[in-house]
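First, the structure itself, so that you have it in front of you.
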C-alpha cells in the first residue's frame, strides 16, 4: 500500500508542470500580464481568454479545437444550442464557455467579450437569407463587434475576410467583405485582417460540393482559377497570431497552387473513382436564372451571387504564410481523406491516382 501526503502531491505536480520561466509571461499592449502555467495540452493554462464569434461555422470549429488544446479559455457564442454541443469535449473543465448571442444585440456581444483579451471574428455568410443580407452579415456586424471590442478594452482583434475582398468586385459578397474590413479598421485601428482563400476540409463547400453537384463547377467551361487552402492550415495560422501578433496588418493566406475548376473536377473524379460528369456546361444567364428560382426553397441553395463568383479568378497576391509560421499543404495531400466516402464499396481501398496538372493559365486571359 502506497501512502501519499499533500506535500508529496504538490511535489509531483511541480515536477510534472515544471517551473515558470520568463517566456511564460506575456505583456499585452494595454499592460496586462498573461501568465501561462501547467503541463502542455488540454490541462494547461495559457492565461488567455479568447472569444471566437462565428465559432459554429466551418473554420470556427477548428480554431476552437486548436485553442482548447493549448489550454486557452474560449468563449463560444452560439445561436443554436445543438450547434454548440460539439465544443464540450474540446477543452478541459471550465475552459469552453458557451454563451448565446445575437449579432444585432450589442448587449450580448459585450457580454461575450467583456473578459477576453483576444477576439476572433469569423462571422460570414456567402448567401443571403430573409434575416441577413450580405452587408448586414459580413460588414455591419463585423463593424459592430469591433466597436464594442474597442470599448471593452480588448487587446487584439482578428477579422477573417476573404482573399478576393474588393469594393469594386462584381460580387456583392466580396464587396461586403471589403466593407467589413473598412468598418473594422475604423472601429479598431490595430486589428489584424486575415484573407484566406477558398478552404477545403470536412463539410466544405469545395471538394464535397464538387462530388455532389459537378454541374455547377463547369460554369465558365471550368476555366476559372482558384487557390484552395486546407482549413486546418488557416486555423493554425489564426491560432499562431496569439503568440506572434501582427497588429494593423493584412495577411493573405491563399493556397500554395493556382488550379482550375476543370482540374478539380478531374481530381474528384479520379479520387472517387467515379466517371466524369456528363452534365452540360450551362450558359451564365441560364445558371443565374436557375439560381434565382432556387432561392424559393427553405434550405441554402446556389445563389445568383455565387454564380457570379464562379466566373471570377482568385486574386494572385502573394501569401503571407511565413508571417504566421505555417507551411500550406497541397490539395492532393488531403483529397482522399475527404472524398473516400464517395467511393463505392468495391473501390473503397483502391490506391489513389491523381490526374496530371495542366499548365496554369495566365490570370485574366478569360
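The values are calculated or read from the model by the stated rules, or taken from the named source; none is laboratory data. Because the structure is predicted, anything quoted here is derived from the model rather than measured. Note that we place each Cβ from the backbone using ideal geometry, even for glycine, and neighbour counts take in every protein chain shown.
Just to be sure, is residue 270 surrounded by fewer than 17 Cβ atoms within 10 Å (Cβ to Cβ), out of contact with any strand residue (DSSP E or B) (no Cβ under 9 Å at 6 or more places or on another chain) and closer than 25 Å to residue 350 by Cβ?
Working: surrounded by fewer than 17 Cβ atoms within 10 Å (Cβ to Cβ): no; out of contact with any strand residue (DSSP E or B) (no Cβ under 9 Å at 6 or more places or on another chain): yes; closer than 25 Å to residue 350 by Cβ: yes.
Taking the combined requirement at face value, the residue does not satisfy it.
Moving on to the next point. If I ask for residues that are surrounded by fewer than 21 Cβ atoms within 10 Å (Cβ to Cβ), touching a helix residue (DSSP H, G or I) at 6+ places or on another chain (Cβ under 7 Å) and in a helix (DSSP H, G or I), which ones from segment 193-210 would you list?
The answer is 208, and nothing else.
If the requirement is being part of a loop (DSSP other than H, G, I, E, B) and surrounded by fewer than 19 Cβ atoms within 10 Å (Cβ to Cβ), which of these qualifies: 167, 147?
Details: 147 fails: part of a loop (DSSP other than H, G, I, E, B).
Exactly one of 167, 147 is part of a loop (DSSP other than H, G, I, E, B) and surrounded by fewer than 19 Cβ atoms within 10 Å (Cβ to Cβ), namely 167.
So which residues in segment 47-64 are more than 18 Å from residue 114 (Cα to Cα) and either in contact with a helix residue (DSSP H, G or I) (Cβ under 9 Å, 6 or more places away or on another chain) or assigned to a helix (DSSP H, G or I) (or both)? If you could, list the steps in order and put the result at the bottom.
Of all residues in segment 47-64, those more than 18 Å from residue 114 (Cα to Cα) come to 56-64.
Within segment 47-64, 56, 58, 59, 60, 61, 62, 63, 64 meet the criteria.
Do we find that residue 329 is part of a loop (DSSP other than H, G, I, E, B), surrounded by fewer than 17 Cβ atoms within 10 Å (Cβ to Cβ), at pLDDT 90 or above and touching a strand residue (DSSP E or B) at 6+ places or on another chain (Cβ under 6 Å) in this structure?
yes
Cβ-Cβ distance below 9 Å, separation of 6 or more or different chains: which pairs start in segment 77-104 with a residue that is on the phi > 0 side of the Ramachandran plot and end on one that is assigned to a strand (DSSP E or B) and surrounded by 20 or more Cβ atoms within 10 Å (Cβ to Cβ)?
As it stands, the answer is 94/73, since those pairs meet every condition given.
How many of the residues in segment 183-192 are more than 19 Å from residue 317 (Cα to Cα), in contact (Cβ under 8 Å) with a residue 40 or more places away in the chain and not in a loop (DSSP other than H, G, I, E, B)?
Initial filter on segment 183-192 (more than 19 Å from residue 317 (Cα to Cα)): 183-191.
This time we only want the ones that are in contact (Cβ under 8 Å) with a residue 40 or more places away in the chain, so: 183-184, 186-191.
Narrowing the set further to residues that are not in a loop (DSSP other than H, G, I, E, B) leaves 183-184, 186-187.
Qualifying residue count, segment 183-192: 4.
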